[in-house]
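Below: the structure, in structure tokens.
Coordinate-derived values only; no laboratory data. Worth saying up front: this structure is predicted, and the values here are computed from it rather than measured. A quick note on method: Cβ atoms are made from the backbone with ideal geometry, for glycine too, and the neighbour counts reach across all protein chains shown.
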Amino acid sequence: MDVYYIDYISVSGASWLHKAPAGLKMVVAAVMIGVLLWLRYIWILSAIFAAVVVIALSARLPIKLLAVLALYPLFFLIIVFLSTAGLNVYSVSMLMLRVLSITEIVILFLLTTSYPTVFGVLGRVLPGVLVAALFFTYRSIFVISQSLSDISIALHLRGGIDWKHPGPSLGNLGRVLGHLLVDTIDSSERKADSLRIRGFVNRVYYLKQ
């Protein structure tokens, strides 16, 4: 999953859904998820899922990306189906439609709403410390993603992982994980020092503030 691509779509998009207020989209998404959890009629669930797909098409979002992201919860849903007895076609179809609809609503929100605007809305109702923690967690995803990309290249240059030779492969894997841990801690400390120098005190301010 390319987090850079997802972030790019949410920031650079110019559709009507991208231009809608973030707070309104957040409220509508929460209401729709609540309705989907409550509904017990498969035809209404199907209609809502179709409506979400139409909205995604009208917002000019990449359908391939939507489909790929929707596969993640389906993988765990299949495990639930295989481990649960007494399921029939109706209950399986209803559960799949509910999960797919909720997943697509969340993905639709993330692909059409930039994260700074989301944190700007959350900052009005949540403590500044919590919003700052969420913001830096979001930023850390990109830092770790870049580190994993660099490490995968380094691992490939070292011969990669070949389970036909478990000794060297485990050694390479251990060095990679150790480097990732050290690099993550070092990056966090450098970020904390730079924020402290700039006078950061448990709060992130946005443009409107």
- How many nm separate the modelled label positions at S12 and A192, each set 7 Å beyond the Cα in the direction of the Cβ? 3.5
- Message: With a 10 Å cut-off between alpha carbons and a GNM built on the chain, which of V106, V54, V11 moves the most?
- Response: V54
- Message: Tell me the mean residue ellipticity at 222 nm calculated for the chain from its helices only (DSSP H runs of n ≥ 4, each -39500 (n - 2.57), averaged over every residue, nearest 500).
- Response: -26500 deg cm²/dmol
- Query: If the chain between F81 and V53 were fully stretched, how many nm would it gain, using 0.36 nm times the residue separation less the Cα-Cα distance?
  - Reply: 7.6 nm
- With a ≥ b ≥ c from the Cα gyration tensor eigenvalues, square-rooted, and the rule rounded for a/c under 1.5, otherwise prolate when a/b > b/c and oblate otherwise, the chain is oblate
- Query: Given Cα pairs under 8 Å that are at least 6 residues apart, what percent is the relative contact order of the stretch 17-109?
  - Reply: 48
- Message: Suppose R0 equals 25 Å. What FRET efficiency, 1/(1 + (r/R0)^6) with r the Cβ-Cβ distance, do H179 and Y138 give to the nearest 0.05?
- Response: 0.60
- So, in the chain, how many Lys pairs have Cα atoms under 23 Å apart, if the pair is 8 or more places apart or on different chains? 4
- Which whole-number percentage describes the relative contact order of the chain, with Cα contacts under 8 Å and a sequence gap of 6 or more? 26
- Query: In nm, what is the difference between 0.36 nm times the number of residues separating V92 and L170 and their Cα-Cα distance?
  - Reply: 24.0 nm
- In the chain, which helices (entire DSSP H runs) extend 30 Å or more along their own long axis, judged by Cα positions, while averaging at least 1.6 on the Kyte-Doolittle scale? 63-83, 89-112
- Among Y72, I6, I153, which residue has its Cα positioned farthest towards the positive end of the charge dipole of the chain, with +1 placed on the Cβ of Lys and Arg, -1 on the Cβ of Asp and Glu, and the dipole taken about the Cα centre? I6
